[in-house]
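Shown next, in structure tokens, is the structure this report addresses.
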């Protein structure tokens, strides 16, 4: 199991039975594969469907059926189609229990930057601003550091923001970090890392409570 | 044929093949009965239907099917149902070719008052403001004077307005009057009346062009 | 109520359970147009429960015996936001006697204000009613060189709608012109209750034809039958 | 074009007739999400006609070979209002070289701006993007003690949509997630052209399931077939 799958597996544990959940592009799209069958979830997509299911078998893809990431999906019983205005009405109105998003940077206050790398990449925000600002719970899955080793979890984001004070939980290959009103709190450390390693790779103060759980015990070092 | 029917018949002559038309409550609801069969019209109702047809036969009324006046109607081939927001989007967007409305007062500039009699009746404006302000052509059908004999066509309305500079044509039992940028122009006089009678019953200056048509020649005096 | 859990376990509840959220003084939004599409079983339940001091938000005042009319006739309503009250003479009398506060809104503007509330917007800009009393109490704003009224979004403590069919997730389809304000109102309640003519299993509704996705609906109650076949009787 | 007359006589026209309203410099709004639901026959026609200097308004830049992507790749677009261009790398390159002006809007805000245009509103108030660059160039307004951005409505000279089926009056139904921005865009064109997978007689569409009433549609053209089965190929 690669890093992406391990992040998706840990993120899937945040999902409770009966939730309405939106998944961002990238790693979050792997999450459904790790949700236990007895946990029923309504997956929401900005492309205009609530209640989509897994990828159809090769050759059975429907050209009219995609999620927001452009991947082919199926419809589960109870699904509905609607236009993109309604799709975002659901989000702004707070009817989404959770969104799981990727990140470029997250600040100690939960500010999220995930749509623009100044001078390099300007893909645009898509629906990320609505999701980050309005979902009841915002879970970020991301590598702990950028490719150049720079921390992505920072006292302040340097990239343009997607939303302020939006993120509730950060899941990385090293740790699970909760964003609280008093700052970042380390909740779990991955089996392959130490608390000190997490602190060293994090660009913001990290409160270490007396008990820090481990996660991914069964996996060994990446 | 009573006054109401004669007004409706004259108003029906304003409707052209292919128009999208909204009818206000009262006399305007009688208009469809006078539209020739070869003139196809899409009737629009704020209750959320485009393309409604006549009243069903007694006993065949559908409790789910009314026009804006609360009357039972039928659906013609090509009809569509939609919510009231869409119904008014059509109006505000200028997709209605014509509306035929009742009036309490009309001014020389085409101001319309038809929703409130101060101190007496406050029924509310319903959808009249949108219709009067936004339909491409606004035709008013009304008695020429109020029950007390006071003119309803005035230099200025004294009642609260529905919309300013909205009315294009006024059809009464006495005359057909066009609202132009330079004021009211008498276009037709009913068979039973003289031009002088119309002028006397009108509370605003009336331009009398060289040719004034007659209408309702076949009916005799009411 | 945990809406999320309801999503998976079904939202169908008893009338009593639904009525439990409708208490004295709440702002209650309702679907319907001249009574057609106003949920009759819920209105009757509210009346029988004896709830008072309601703020009603909807298209009209119904008729004395139809739609929300009986709530007004029986003095359960302190305030009404509507587009007209012409079909319920009692509403007009109460208004003139100062026993019912009425705020009028142009019909299309009210529809959009309700939708805006349901969509999580702050309001809309509209030019309908400029130069009329509809300007009263409204900010004005110029956008692109044109003037507009700022019409605030409306939400309500509880929204009630009538649907022809509902499934266990609260997905709704309406019938003909009984749709009217219902899909808008359905989105604008802090809690939304749908009264359904028929409650069907998951998968029984064609997902393409669902008008109100169930995510907006908190509770579904079985209708005891419509009773608005009145205007031509 | 007399839209009124079209209403009764049928709106089905040839591709050439439809393309005649799409000329150099027009603002062109399009449905589609990652290319799914963008009318392929119309886009191909626009490309072949050689129209230049377009302003495009829609969700995204498609992919280089999909959706409106080819119009961008072939330098027919001067300006783009969209929510992201991530799936079309050429759009990003052109933007960086200053050859394509791009205005980004949050996705839900863009959807509502387009809808507002289609509904004849002046704009909407939204709090999404407060405290971000989305504030740039926007008026702010307080309503009910809360701050909102004023987002102006969008209309376009021409709007193009893809529908699964259209009838002779232009009533439209969509298919699954190919609906996306299409019903919004359909209302927001000064002229709207619908490309339909199938054109059916009056009465063939259930009036209850029509998503876009034909009154918003000026012309209907027959699709030569969708070609967006790409992302998993």
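Scanning segment C:125-135 for residues that are crowded, with 24+ Cβ neighbours inside 10 Å and either out of contact with any helix residue (DSSP H, G or I) (no Cβ under 9 Å at 6 or more places or on another chain) or more than 10 Å from chain B (Cβ to nearest Cβ) (or both) gives a single hit, C:125.
Give me the strands (runs of 3 or more DSSP E) completely within segment D:105-194, filtered to those with at least 1 residues that are within 23 Å of residue D:207 (Cβ to Cβ), ordered by residue number.
D:156-167
Considering segment C:1-11, and only residues there that are surrounded by 14 or more Cβ atoms within 10 Å (Cβ to Cβ) and in a loop (DSSP other than H, G, I, E, B), the residue that is modelled with the highest pLDDT turns out to be C:11. Determine whether residue B:165 is surrounded by fewer than 18 Cβ atoms within 10 Å (Cβ to Cβ), within 14 Å of another protein chain (Cβ to nearest Cβ), touching a residue at least 40 places away in the same chain (Cβ under 8 Å) and within 20 Å of the chain's Cα centre (by Cα). The answer is yes for residue B:165. Out of the residues in segment C:12-38 that are more than 16 Å from the chain's Cα centre (by Cα) and part of a helix (DSSP H, G or I), state the one that is nearest to residue C:66 (Cα to Cα). Checked segment C:12-38; the qualifying residue nearest to residue C:66 (Cα to Cα) is C:15. For segment B:36-49, a residue qualifies if it is more than 21 Å from residue B:90 (Cα to Cα) and either within 12 Å of another protein chain (Cβ to nearest Cβ) or in contact (Cβ under 8 Å) with a residue 60 or more places away in the chain (or both), and the qualifying residues are B:38, B:39.
Per-residue answers, yes or no, for (1) assigned to a strand (DSSP E or B); (2) in contact with a strand residue (DSSP E or B) (Cβ under 6 Å, 6 or more places away or on another chain):
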{"site": "A:1", "(1), (2)": "no, no"}
{"site": "A:4", "(1), (2)": "no, no"}
{"site": "A:11", "(1), (2)": "no, yes"}
{"site": "A:22", "(1), (2)": "yes, yes"}
{"site": "A:37", "(1), (2)": "no, no"}
{"site": "A:51", "(1), (2)": "yes, yes"}
{"site": "A:56", "(1), (2)": "no, yes"}
{"site": "A:60", "(1), (2)": "no, no"}
{"site": "A:68", "(1), (2)": "no, yes"}
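Name the residue, out of D:91, D:111, that is touching a strand residue (DSSP E or B) at 6+ places or on another chain (Cβ under 9 Å), on the phi < 0 side of the Ramachandran plot and buried (at least 20 other Cβ atoms within 10 Å of the Cβ).
D:91
In segment B:71-154, counting only strands (runs of 3 or more DSSP E) that sit wholly within it, the ones holding 2 or more residues that are within 29 Å of residue B:17 (Cα to Cα) span B:74-81, B:98-101, B:138-141. Within segment D:198-207, the residues that satisfy the criterion of being surrounded by fewer than 18 Cβ atoms within 10 Å (Cβ to Cβ) and either part of a strand (DSSP E or B) or touching a strand residue (DSSP E or B) at 6+ places or on another chain (Cβ under 8 Å) (or both) are D:198, D:200, D:201, D:202, D:203, D:204.
With respect to the stated conditions, residue D:138 is surrounded by fewer than 20 Cβ atoms within 10 Å (Cβ to Cβ), under 24 Å from residue D:120 (Cβ atoms) and touching a strand residue (DSSP E or B) at 6+ places or on another chain (Cβ under 8 Å). Restricting attention to segment D:153-172, the residues being at the interface with chain B (Cβ under 10 Å from one of its Cβ atoms) and over 16 Å from residue D:219 (Cβ atoms) number 1. Screening D:100, D:80, D:54 for residues that are more than 13 Å from every other protein chain (Cβ to nearest Cβ) and crowded, with 21+ Cβ neighbours inside 10 Å leaves exactly one candidate, D:54.
The residue of segment A:25-35 that is modelled with the highest pLDDT, among those that are out of contact with any strand residue (DSSP E or B) (no Cβ under 7 Å at 6 or more places or on another chain) and under 25 Å from residue D:85 (Cβ atoms), is A:30.
The values are calculated or read from the model by the stated rules, or taken from the named source; none is laboratory data. Only a predicted model underlies this, so the values are computations on that prediction, with no experimental measurement involved. When we count neighbours, we look across all protein chains shown, and the Cβ atoms used for this are built from the backbone with ideal geometry, even at glycine.
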